[in-house]
Amino acid sequence: MNHDSGFRIHDSNHHSQITDHRSSRISYLSCMKLIPIIADSWRMDGGVAFGVIPKSLWQRYYPVDENNTIPIVSRCLLIDDGERRILIDTGMGRKQDKRYYSFKYLSEEFDLVSSLASAGYEPSDITDVLFTHLHDDHVGGAVYRDADGRLMLQFPCARHWVSSAQWKWALNPNKREGASYLPENLQPLKDIIILIDEPGDFTDEIRLAFHSGHTMGQIVPTIQKNDATIVYCGDFIPSAAHIHVPFIASVDIQPLLAMEEKEVFLEMAQELGYVLFFEHDAVNEAGRVELTEKGYRLADPLVIGDR
């Protein structure tokens, strides 16, 4: 990897415009387009999704089948500002064997390239791919196998970005996360990946925060679009049900830190009216939060984007 290509982002003390969170409407007046892209529809074990939370509690929010799995999606986000077309995360891809996808209970309803085409884009249109982190269901779609079985970049014209902390973590995986960092996902990126060392401004409208409860150096992007502040939550808050502070996935490497990070963030999100965009919620695309007697909850479900 060319370490000279590393990109440092510095905190410029930028203050986002406050959204009026009393309204369930989002006003989009600028030329920036936000386009949700569903890369995968699949199912996950409820115990993995909610950790130590009893099934009697989490099943109130998600229907569960006879295998104890819940429906989820991989909901990426395409940001088109007229000059750059930035894709956040890429789903799990389609290059693995049947056994891999059988464990994911993958549906054929969606795939990344088809969903992009439905939105009017080709892979060659993408200028930047921003990975929240490098677990298989977030990075797998960035690489495919050609007819000869060779690993190829799905977005050959794009710059690919991830945090330095996550890249180093992925190359030396611990036993807990090892199965999520697949060599065939990472190897093609080694010579082209651009590392982000610090949180801060990515573009004039996109600001990056780092959180490490789920995995080291997970990026959580915040997008400012006129009067709305949209947060791409990734696995930081993967679904509306995970707004509940104790609802932490069993795969989070530092669950106590994950709870602390989430509580601090939710206080700010509630105060400033942030719109949370959920990567894995099969029902709720986005929404704001409110503080109730029982803690933070989804206030008003929203649909965002330019379709």
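The values are calculated or read from the model by the stated rules, or taken from the named source; none is laboratory data. Bear in mind the structure is a predicted one, so any value in this text is a computation, not a measurement. Every residue, glycine among them, receives a Cβ derived from its backbone with ideal geometry; neighbour counts consider all protein chains shown. SASA here: full protein model, heavy atoms, side chains in, ligands and nucleic acids out. Shrake-Rupley method; radii C 1.70, N 1.55, O 1.52, S 1.80 Å.
So here's what we get for this one:
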item	result
Selection within the stretch 65-121 - assigned to a helix (DSSP H, G or I), under 27 Å from Lys33 (Cα atoms) and small (Gly, Ala, Ser)	Ser114, Ser115, Ala117, Ser118
Positions within the stretch 169-186 being surrounded by 13 or more Cβ atoms within 10 Å (Cβ to Cβ) and outside any loop (DSSP other than H, G, I, E, B), in sequence order	Trp169, Ala170, Leu171, Ser180, Glu184, Asn185, Leu186
Selected residue (criterion: surrounded by the fewest Cβ atoms within 10 Å (Cβ to Cβ)) from residues of the stretch 119-136 that are among the acidic types (Asp, Glu) and touching a strand residue (DSSP E or B) at 6+ places or on another chain (Cβ under 6 Å)	Asp125
Residues of the stretch 85-142 satisfying the condition of being of a type in the set (Asp, Glu) and either closer than 22 Å to Ile237 by Cα or without any contact (Cβ under 8 Å) to a residue 40 or more places away in the chain (or both)	Asp89, Asp97, Glu108, Glu122, Asp136, Asp137
Selection within the stretch 51-64 - part of a loop (DSSP other than H, G, I, E, B) and within 22 Å of the chain's Cα centre (by Cα)	Gly51, Tyr61, Tyr62
Any chance Phe210 is out of contact with any His (no Cβ under 6 Å at 6 or more places or on another chain) and either among the aromatic types (Phe, Trp, Tyr) or surrounded by fewer than 23 Cβ atoms within 10 Å (Cβ to Cβ) (or both)	yes
Single residue of the stretch 249-307 satisfying the filter (among the aromatic types (Phe, Trp, Tyr) and part of a strand (DSSP E or B)) that is nearest to Ser41 (Cα to Cα)	Phe277
Selected residue (only one of Ile230, Ile219, Ile243 is out of contact with any helix residue (DSSP H, G or I) (no Cβ under 8 Å at 6 or more places or on another chain) and either open to solvent by 20 Å² or more (accessible area, probe 1.4 Å) or closer than 26 Å to Glu285 by Cβ (or both))	Ile230
Flag for Leu151 being of a type in the set (A, V, I, L, M, F, W, C), open to solvent by 40 Å² or more (accessible area, probe 1.4 Å) and either more than 23 Å from Ile72 (Cβ to Cβ) or touching a Leu at 6+ places or on another chain (Cβ under 7 Å) (or both)	yes
Residue within the stretch 44-59 that is open to solvent by 20 Å² or more (accessible area, probe 1.4 Å) and either among the polar types (S, T, N, Q) or touching a Leu at 6+ places or on another chain (Cβ under 7 Å) (or both) present	yes
Qualifying residue in the stretch 163-176 (condition: free of Cβ contacts under 8 Å to residues at least 60 places away in the same chain, in contact with a strand residue (DSSP E or B) (Cβ under 6 Å, 6 or more places away or on another chain) and small (Gly, Ala, Ser))	yes
Hey, Phe236 in contact with a helix residue (DSSP H, G or I) (Cβ under 9 Å, 6 or more places away or on another chain), farther than 17 Å from Val52 by Cβ and assigned to a loop (DSSP other than H, G, I, E, B) or not	yes
Filtered residues of the stretch 253-288 (kept if among the β-branched types (Val, Ile, Thr) and either more than 21 Å from His214 (Cα to Cα) or open to solvent by 30 Å² or more (accessible area, probe 1.4 Å) (or both))	Ile253, Val264, Val283
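Here is a yes/no grid of residues against (1) assigned to a helix (DSSP H, G or I); (2) under 19 Å from the mean Cα position of the chain (by Cα):
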residue	(1), (2)
Trp167	yes, yes
Pro188	yes, no
Glu198	no, yes
Phe210	no, yes
Thr215	no, yes
Ile230	no, yes
